[in-house]
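Below is one structure; the comments refer to it alone.
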Amino acid sequence: MKIAIIGTGYAGLVTGACLASRGHEVVCVDIDESKINALKNGEIPIYEPGLTEIVQEGIDRNLLTFTTLASEAIPGVQVVFLAVGTPPADDGSADLKYVFQAVEDIAPYLSESCVVVSKSTVPVGTNAKIKDRILILRHPERSEGSTRVDSSAVPQNDSGDIFVASNPEFLREGKAIDDFMKPDRIVLGVDSPQATAVLKEVYKDFDCPILDVSIESAEMIKYASNAFLAAKISFINEIANICEGVGADVKDVARGMGSDPRIGPAFLNAGIGYGGSCFPKDVRALDQIAGVNGYDFKLLKSVIQVNNDQRWRFYKKVEKVLKGVEGKKIAILGLAFKAGTDDIRESIGIDFAQKFIENGARVSVYDPQAMDNAREVLERVGFYDSIEEAAKGSDAIVITTEWNEFKDFDFSKVADQVSQKLVFDGRNILSRKNIENQGFRYFGIGR
Ligand code: UGA
């Protein structure tokens, strides 16, 4: 099929490259000219395992192309995926300016019966507004001077009609290719059999259940899924805080809980909380959606509060053990918001580095992938190329990202080079016994 993707961020680029690898003819559109020029040469602006290879394969097979021009990309395509950013506005709601700008850009060029699909995470009701907007742009005569057309009044088989659908994305950074190619489920929010048929054709080679639901339900599934996962994390973090009081080990508790298939073991890793570009934003947006619909989502508010408190609780533990951080040297291992990515959006490692500096500490940092991004936001910090160099002379080593490199590191290598032998494991990835055998004191979360 002929497909266009608007936006070459995480979701857009992965969707484009993966659909091309399944034999579709895909054109990716972005307003950023330098990004498009780089992509044409197979240069990927983000670190995502496997993405470079799959983009190159698409380019080589002439199935994946890039352009800045909607006028070039859109005519003749059967499906347009909107995968532009929906950053948080000041009140926590999703800012939809990029979505509606994309709609303006593509509307004049859409072919008859094209399906416009949202991949971007958008509040419930947004796709109906997208449909209205496209109808106004394509059939100004129907709006009769008003800014709104009642799209439900327009017959679906009307010639020149465009279909709208919601097809939320559930991929995780660092595992994006696998998540896209082998999804647990594909959610299609559609309001016409024609759109369902087209999208089933797009995903015909995917071996997973396809959920055919209303557009509103699809939009809600995305928010509810992210909010539930975030709630699981905040829940286990609160259990961890109680474990510290009663002398239990949260890792064992999570293992015991997760063995019950009704609970499941995933997303029960206690630590300093969730970060990234999705959970913090989507959880706040769902709280906002609830509010504007007259519902006070108390549980979700607590999820947010617990997540905000969790990191500072751990930070205070470091301060307490060190008897204040002023003049001390802290080595922070981990600047990416999680392992497997170079993304530092809502990264707790970055927050910690800034806070330690603010409180008079000297800070050295190391991350296997996120150093370049971190250099753009961190000041007065020593950047090092290895764990050993960052740890040299430190009073405390603080782990903020769950990289395997940290997990597998032999801390005895730095035992003679640190000022104080203290390891603070904000992701519970190390074995207390091993660290203590290597002569360090170990502080985890909930254990
Ligand atoms: C998340 C969802 O997992 C994806 O399904 C979704 O598609 C994506 O958001 C999105 O909306 O685009 P992502 O943000 O890439 O994916 O990262 P996760 O692996 O979910 O991790 C999020 C945060 O939670 C990280 O900071 C991670 O360290 C933390 N986390 C995760 C925990 O603290 N404990 C856990 O048990 C799991």
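The values are calculated or read from the model by the stated rules, or taken from the named source; none is laboratory data. What you see is a predicted model, and the numbers here were worked out from it, not measured in a lab. Here Cβ is always computed from backbone atoms with ideal geometry, including for glycine, and neighbour counts include all displayed protein chains. In case anyone asks, the SASA skips ligands and DNA or RNA and just uses the protein heavy atoms, side chains included. Shrake-Rupley method; radii C 1.70, N 1.55, O 1.52, S 1.80 Å.
Let me have the 222 nm mean residue ellipticity of the chain computed from DSSP H runs of 4+ only, each contributing -39500 (n - 2.57), with the sum over all residues rounded to the nearest 500.
Numbers: 18 runs with 188 residues, N = 447.
Here the helix-only value at 222 nm equals -12500 deg cm²/dmol.
Ligands, DNA and RNA excluded, the heavy atoms of PHE267 present near 70 Å² of accessible surface to a 1.4 Å solvent probe. Would you work out the relative contact order for the chain, in percent, from Cα pairs under 8 angstrom that are 6 or more residues apart? Normalised by residue count, the contact order of the chain is 12 percent. Between PRO49, PRO108, PRO261, the Gaussian network model of the chain with springs among Cα atoms under 10 angstrom shows the greatest mean-square fluctuation at PRO261.
What shape does the stretch 250-328 take by its C-alpha gyration tensor, where a ≥ b ≥ c are the square roots of the eigenvalues and a/c under 1.5 counts as rounded, a/b above b/c as prolate, and the rest as oblate? The partial results should precede the final answer.
On the way: a/c = 2.79, a/b = 1.27, b/c = 2.19.
Oblate, since a/c reaches 1.5 and b/c is not below a/b.
The C-alpha atoms of the chain define a longest principal axis, and helix 51-60 lies at about 30 degrees to it.
Listed by chain and number, the aspartates and glutamates placed with their C-alpha closer than 17 angstrom to that of LYS40 are GLU25, ASP30, ASP32, GLU53, GLU57, ASP60, GLU72; residues fewer than eight positions away on the same chain are left out. Computed 3J(HN,Hα) for the stretch 324-336, one whole-Hz value per residue from the Karplus formula 6.51 cos²θ - 1.76 cosθ + 1.60 where θ = phi - 60°, is x, 9, 4, x, 8, 10, 10, 9, 9, 9, x, 10, 5, glycine and proline marked x. Across the accessible surface of the chain, with the other protein chains kept in place and a 1.4 Å probe, carbon and sulfur atoms take up 49 percent. Percent relative contact order of the stretch 290-447, based on C-alpha pairs within less than 8 angstrom and at least six residues apart? Once normalised by length, the contact order is 20 percent. Across the cross-link table entries LYS222/LYS317; LYS131/LYS281; LYS232/LYS392; LYS2/LYS175; LYS131/LYS175; LYS355/LYS407, which are compared at the Cα atoms, the separations over 29 Å belong to LYS222/LYS317; LYS232/LYS392; LYS131/LYS175. Each Lys and Arg Cβ is given +1 and each Asp and Glu Cβ -1; about its Cα centre, the chain then shows a dipole of about 1600 debye. Relative to the longest principal axis of the Cα atoms of the chain, the long axis of helix 215-246 lies at roughly 10 degrees. Each principal axis of the Cα atoms in the chain has its own extent, and those three values, largest first, are 75, 49, 41 angstrom. Relative to the dominant Cα principal axis of the chain, helix 279-292 is inclined by about 60°.
In the stretch 292-342, which chymotrypsin sites (Phe, Trp or Tyr not before Pro) are in a loop and have at most 12 other Cβ atoms within 10 Å, using DSSP for the loop call? Before the final figure, lay out the partial values.
Details: sites: TYR295, PHE297, TRP312, PHE314, TYR315, PHE337; in loops: TYR295, PHE297, PHE337.
Answer by residue number: TYR295.
Rg then Dmax, both in Å and based on the Cα atoms of the stretch 194-280: 18.0, 59.
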